[in-house]
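Okay, so here's the structure we're looking at.
We did not get these values from a lab; they are worked out from the coordinates using the rules stated. In this text the structure is predicted, and so the values were computed from the model without any measurement. Cβ placement follows ideal geometry from the backbone for every residue including glycine, while neighbour counts extend to all protein chains displayed.
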Amino acid sequence: MNAPGVMLSCERLTKSFGQGHVAQQVISEVSLALHAGELTLMMGPSGSGKSTFLAMLSGLLRPDGGAVQALGQDLWQLGDAAIDRFRLAHCGFIFQGFNLFASLTALENVLFPLQYTDLAPAEARARAAAALDDVGLAPRAHLRPLELSGGEKQRVAIARALVKHPQLIFADEPTSALDGSNGSIVVDLLHRIARERGTMVLVVTHDPRLHSRADRIIELEDGRIRRDERIDNAMPADAGKEGA
Ligand code: ADP
Ligand code: MG
């Protein structure tokens with residue numbers, strides 16, 4: 001079991017690619033605990049293992065060694081189907097390429113993850129509309145990706161990741177295709193979700209703009225954690241909410 005407040009942790013997580021003399025250890029016995037309500041940034045040079053690490057923590061890539069405790073479950077001890085169900089039920093993913101369906105409207109894209117739930121159609125539509133409203137895109141709900149800017153597309157992708165209210169959110173370079181102000185909007189959104197819903201948010205990035213919103217910064221180098229720092233970024237707007 002995880003300690004109180006810890007939603008996701010790993011113990012001596014290890015992964016190599018290749019075999020024999022070309023084997024390359026990409027993640028080397030990394031242990032870490034991530035907390036509810038916190039936005040954690042994972043930084044580090046290209047090739048340092050960030051995406052690999054995130055994929056193992058989120059049930060997308062099986063580690064060679066070590067364990068992941070996710071919401072009190074020993075994730076990689078579950079069967080493949082149970083891991084898929086765990087991801088669908090509890091994890092939201094945001095990637096840099098948006099991966100929206102070009103033929104669907106913004107609203108239909110956000111509705112997509114709700115199709116395998118037992119929500120009534122009207123309720124699903126209301127939820128999707130609310131998720132779009134959360135990211136400030138209610139007025140653009142009927143537009144298709146081609147009619148949206150890069151920043152708007154990423155906000156649709158975020159609404160889609162959030163529509164099921166996942167407890168764990170994983171974002172891999174969510175702002176790298178966005179310019180300054182759009183990048184900041186996305187960061188503010190992720191920060192707000194962590195604060196308001198107590199969600200654990202883990203963001204892989206090398207975008208320094210995200211520093212001002214992070215609760216913690218982890219830096220990977222050659223598959224190991226070389227820095228793990230908590231930062232005090234409490235904004236005046238948060239101070240009131242936390243007391244409530
Ligand atoms: P980062 O996200 O920090 O840039 P990655 O986790 O994507 O780093 O990759 C770390 C290292 O692992 C790189 O050297 C990369 O080439 C290698 N790697 C990642 N995925 C695979 C794979 N599926 N097969 C072989 N090598 C891989
Ligand atoms: Mg990467």
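In terms of the ratio Rg/(2.2 N^0.38 Å) built on C-alpha atoms, what value belongs to the chain?
So the Cα radius of gyration is 1.01 times the expected 2.2 N^0.38 Å.
Taken about its Cα centre, the chain carries a charge dipole of roughly 260 debye when the Cβ of each Lys and Arg holds +1 and the Cβ of each Asp and Glu holds -1.
Count the lysine pairs in the chain whose Cα atoms sit under 25 Å apart, keeping only pairs 8 or more residues apart in sequence or on different chains. Taking the Cα cut-off of 25 Å, the pair count is 4. Dipole of the chain computed with +1 at Lys/Arg Cβ and -1 at Asp/Glu Cβ about the Cα centre; of Gly79, Leu100, Ser212, farthest Cα towards the positive end is Leu100. Dipole magnitude for the range 1-108: about 120 debye, using +1 per Lys or Arg Cβ and -1 per Asp or Glu Cβ, origin at the Cα centre.
Test of understanding: in a Gaussian network model of the chain with alpha carbons linked when under 10 Å, which of Phe101, Phe53, Phe170 would top the mean-square fluctuation ranking? The residue that fluctuates most here is Phe101. In whole angstrom, the range 68-115 maps to an equivalent ellipsoid with semi-axes of 28, 11, 9, each derived as √(5λ) from the alpha carbon gyration tensor and ordered largest first. Peptide packing: for 186-193, 61-68, the average count of neighbouring Cβ atoms within 10 Å per residue gives the ranking 186-193, 61-68, highest mean first. FRET efficiency for the pair Asp74 and Ala33, taken as 1/(1 + (r/R0)^6) with r the Cβ-Cβ distance and R0 = 22 Å, rounds to 0.90. Charged neighbours of Leu71, selected by a Cβ distance under 13 Å, balance to +1 (K, R count +1; D, E count -1).
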